[in-house]
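The values are calculated or read from the model by the stated rules, or taken from the named source; none is laboratory data. As the structure is a computational prediction, the values presented were derived from the model and not from experiment. Backbone-built Cβ (ideal geometry, glycine too); neighbour counts: all protein chains shown. The accessibility values were calculated without ligands, DNA or RNA, using every heavy atom of the protein model including side chains. Shrake-Rupley method; radii C 1.70, N 1.55, O 1.52, S 1.80 Å.
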Amino acid sequence: MQNNYHAVLKKQLIFLDLFIIFASFFVVFFFGNSYENFLKNVNVYLVLIPTYVIIWGFVLYYFGMYDVIITQSISNALLTVIETFFVGLGIFGCFIFLTGIESVSRLHIILSFSFTTVFIGVEKVLLVKYLKYQHQQGVNTRNILIVGSGKRAQYLINIINQHHEWGMKIVGIIDDDSTKKNSPICGYDVIGAMENVPEILHNNIVDEVVFVVPRSWLNKIEGMIMYICEVEGVRVSVAIDLFELKLAKAKFNYLTFESLKKHRSDVYKFPLITFEMTPDKLIHLSLKRISDVVISGCALVILSPLLFITAILVKTTSPGPILFKQKRSSLYGRTFTLYKFRSMVVDAESKLNELLSYNEMGGPVFKMEKDPRVTSIGKVLRKFSIDELPQLWNILKGDMSLVGPRPPLPSEVSKYEAWQRRRLSMRPGATCLWQAYGRNKITNFNEWMKLDLEYIDNWSIWLDCKILIRTIPSVFFGSGAK
């Protein structure tokens, strides 16, 4: 459920720390103006620098810096950094003594350890605050729907109950016996039977459905697994410890739960087989997120003059706020506030019902080329997609990605057919296949949805690059959204 995500996050944090440690060693040269000493003893430093980085990295790892990531407290993180400072300084001092290196200033070594301690400490404080913020926003949590209420299901529920740090939230329990509805099991209610699963998925935020059922249910759940995974796009896991073997040994792929504490690890293994339709290339998805942060952050800085001028134009050409804020749907029905420069009159939403007969897009979405609610400056903003530039802030925050299915309104999602809901299985984006390849030419809602599902099924970093490249001329030549 979360173990693969944690493994990738752990590697990223180790790489980030090693980079900070490496850079900290050179910061001392900048403040001490000792580059001549470095050039004079470059062969010595070629040995010292890797040793310095390895010692810091090893000691941080040994003291459990990367064992508990999401739920780590600031005090524990800083304590680990301070412990690493003293132990690492001792080990590094012993190394210099044993190798007989005398050409390196002892002051430089102490300053290097001091700078590294400060930089790593600041990074950990910011990281803990950021991860806790994401956790509160539901980014690092998974909502689990459990199908089954027997002993094995109760065992899994009890494990999750004991370890809130895993970020797993049980939405409820499904049982094939409808008479058990509203009955509590391990602190959670049975919220429905098998036939209620589609309704439950539509009315709740569910990231994963876990089937922990007896062998006699296998024929019953096959069709439901296909529906949940292939139609709804929700991840499905099935417990496969179905047989109590006496002597024969079975090989399972285990879902491993780890409760990692300082110098101690409790491991729980629960054998599951998992089915999913969304991309599971965690390294690539991490690179996608890093690219989103870097590009959106740089774009906000570079485009700040344009953003400032646009804000003035919006404010001076029509009464009302500069930004238009609207609730949009994200992963599996989560909501966030989307930001745009206001391109319509203030009471545009109240006038929508009068214009529904002019809708040029089939389905629950409203599109109208010559919408009378659009202001004079709004027409220009929309033509060149300038009104969507504030979404760079949504991308930086993690609400959206640069590329992905466009975020729909919750009211639109409520009208989706079952197969259309699978587009909610990936983070929404500022641009997508529909905008890059069809844009205003596509007026069939189902065709738009099929393009989004095609993107999800064939996602790669290269596909994102191609969409971004195709989007640029669409914006530059003014073939903007309606």
Which listed pairs, of K10/K397; K10/K340; K327/K415; K11/K132; K288/K466; K281/K340, have C-alpha distances above 23 Å, in listed order: K10/K340; K281/K340
Prolate/oblate/rounded call for segment 314-386, Cα gyration tensor, a/c under 1.5 rounded: oblate
Distance between segment 300-350 and segment 180-240 - C-alpha centres, whole angstrom: 39
Convex hull volume per residue for segment 357-463, taking Cα atoms only, in Å³: 119
Trypsin sites (Lys or Arg not before Pro) lying in DSSP loop within segment 354-383, provided at most 12 other Cβ fall within 10 Å: K370
For segment 161-200: rounded, prolate or oblate by the Cα gyration tensor [a/c cutoff 1.5]: oblate
Rg/Rg_ref, segment 345-420, where Rg_ref = 2.2 N^0.38 Å and atoms are Cα: 1.26
Directionally averaged shadow of segment 62-221, computed from the convex hull of its alpha-carbon atoms, nm²: 13.8
Per-bin percent of Cα-Cα distances, segment 196-244 [5 Å]: 5, 19, 31, 23, 13, 6, 2, 0
Gain in span if fully extended, I312 to D177, counting 0.36 nm per residue against the direct Cα distance: 42.4 nm
Size of charge dipole - segment 272-383 - debye, nearest 20, with Cβ of Lys, Arg +1 and Asp, Glu -1, no other charges: 260
Global geometry of segment 276-427, whether rounded, prolate or oblate, following the gyration tensor of its Cα atoms and the 1.5 cut on a/c: oblate
C94, C465, ranked by accessible area, largest first (probe 1.4 Å): C94, C465
